[in-house]
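Take a look at the structure below.
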């Protein structure tokens, strides 16, 4: 294991951010952080890169105010060097001058002395820059809020329309780093047993207030190094994601279809709830992600899942073979994923209205096809990790217009008596400390 010096961590952060600009993907980039660095250096690089992406718009606004130059006109190393410096100054406890010196040294090695001098001058001005005061001067309310919380303005306008007075709490919730939750794999252990194993190894956990299979890990821990990971004692999953399977209320012996199943979080939750005694058909269009589902089933010791790679909207053979076969269906629909921005901050910068409309079309085709596959009297949960009404409430209305009825879901009614209305339920980061999800509980008439 090597310990890097300060400027090297910043150099790597600048390189990764320059790469991020090309593809707007973060997960694969963070996997490029060398495994032989010591854990604190790796954690720092990860935090600087993720944090700079999370607050990109605010950082750029501040840099442009202080430098008097457009960020887009800078060389990538300079632009991202300034972002790295600004993020550390505004959002970390690192002493500002140490952060600036290490970052300037990194830029000097990447782009030369002249560029480093510019980064040094601008970064020192950032130390005394009050971004809140400057943002307050912006006249347009939505522009002001969008820059302060670092979102695109069109998103903020939409959410203001949807969620009104909760807007700033919602944005603040989406900017918080998501907590780490483990779902207990009941095929191999119990919540009490897993809690004991983790606490014995010095990991502090807390139980979820009403989902007894969920345990929250406190502090920073590498998932693969948590005791029981390799043995398949748990699956990393947000409570909102687990709730899709929990609301489905699957029973042993039933035929269950999971659509959009890979990489298997909800599929394996259904298997755990049914003690691996249901017949689960897990469908996904993506062969690579389906390999992850199979691997997760192996790790968790699950045998009841039959993985099928197909697009059920177009697969007439599948539709005929499984016509009115399933007792329950879970649609985990492809969506804009605006509800998981706290987990994937790059989601702030790679969304569009056309993407939302495109997803809605696919979602509706999945709903329509599912009606054919469900037994009369069968149940369906439609779930999306989206904050968009087109992907949530509007699709619930669509489902009811195509022949579904509202399923008065007992679990949803008991857990969320005030919020489960007309078959629909929403969870929010700021209200529930979960990812943002929408669920529709539907039933096929007899």
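The values are calculated or read from the model by the stated rules, or taken from the named source; none is laboratory data. It should be emphasised that the depicted structure is a prediction, and the values quoted were computed from it without experimental measurement. Using ideal geometry, Cβ is built from the backbone for each residue, glycine included, and neighbour counts are taken over all protein chains shown.
Observations on the structure shown:
- Residue list for the range 22-42, filter: surrounded by 13 or more Cβ atoms within 10 Å (Cβ to Cβ) and not in a loop (DSSP other than H, G, I, E, B): 29, 30, 37, 41, 42
- Contacts under 6 angstrom Cβ, first residue in the range 284-303 being touching a residue at least 60 places away in the same chain (Cβ under 8 Å), partner in a helix (DSSP H, G or I) and surrounded by 14 or more Cβ atoms within 10 Å (Cβ to Cβ), 6 or more apart: 296/268; 300/268; 302/268; 302/271
- Entry remark, the range 344-382: residues being exposed (fewer than 15 other Cβ atoms within 10 Å of the Cβ), within 26 Å of the chain's Cα centre (by Cα) and within 20 Å of residue 412 (Cβ to Cβ) number 0 in total.
- Residue in the range 104-114 that is part of a loop (DSSP other than H, G, I, E, B) and within 24 Å of residue 345 (Cα to Cα) present: no
- Considered as a group, the residues in the range 221-240 that are crowded, with 19+ Cβ neighbours inside 10 Å and under 19 Å from residue 295 (Cα atoms) include one that is modelled with the lowest pLDDT, and that residue is 226.
- The single condition among (1) in contact with a strand residue (DSSP E or B) (Cβ under 9 Å, 6 or more places away or on another chain); (2) at pLDDT below 95 that residue 324 does not meet is (2).
- Residue check for residue 87: modelled with pLDDT under 95, part of a helix (DSSP H, G or I) and either in contact with a helix residue (DSSP H, G or I) (Cβ under 7 Å, 6 or more places away or on another chain) or surrounded by fewer than 21 Cβ atoms within 10 Å (Cβ to Cβ) (or both): no
- Which listed residue, of 396, 387, is buried (at least 23 other Cβ atoms within 10 Å of the Cβ), assigned to a loop (DSSP other than H, G, I, E, B) and in contact (Cβ under 8 Å) with a residue 24 or more places away in the chain: 387
- Evaluating residue 375 against the criteria (1) within 27 Å of residue 239 (Cα to Cα); (2) assigned to a strand (DSSP E or B) leaves one unmet condition, (1).
- If the condition is being assigned to a helix (DSSP H, G or I), in contact (Cβ under 8 Å) with a residue 40 or more places away in the chain and either exposed (fewer than 15 other Cβ atoms within 10 Å of the Cβ) or in the same structural domain as residue 342 (by TED's automatic domain parsing) (or both), then the range 136-172 contributes 154, 169, 172.
- Condition met for residue 70 (surrounded by 13 or more Cβ atoms within 10 Å (Cβ to Cβ), over 30 Å from residue 224 (Cα atoms), outside the structural domain of residue 143 (by TED's automatic domain parsing) and in contact with a helix residue (DSSP H, G or I) (Cβ under 8 Å, 6 or more places away or on another chain)): no
- Note on the range 204-220: among residues that are part of a loop (DSSP other than H, G, I, E, B) and touching a helix residue (DSSP H, G or I) at 6+ places or on another chain (Cβ under 9 Å), the one that is nearest to residue 274 (Cα to Cα) is 213.
- Check on residue 45, touching a strand residue (DSSP E or B) at 6+ places or on another chain (Cβ under 8 Å), modelled with pLDDT of 90 or more and surrounded by 14 or more Cβ atoms within 10 Å (Cβ to Cβ): yes
- Flag if residue 282 is buried (at least 17 other Cβ atoms within 10 Å of the Cβ), in a loop (DSSP other than H, G, I, E, B) and assigned by TED's automatic domain parsing to the domain that holds residue 344: no
- Any hit, the range 302-317, residues being within 19 Å of residue 232 (Cα to Cα), surrounded by fewer than 17 Cβ atoms within 10 Å (Cβ to Cβ) and either out of contact with any strand residue (DSSP E or B) (no Cβ under 6 Å at 6 or more places or on another chain) or outside the structural domain of residue 367 (by TED's automatic domain parsing) (or both): yes
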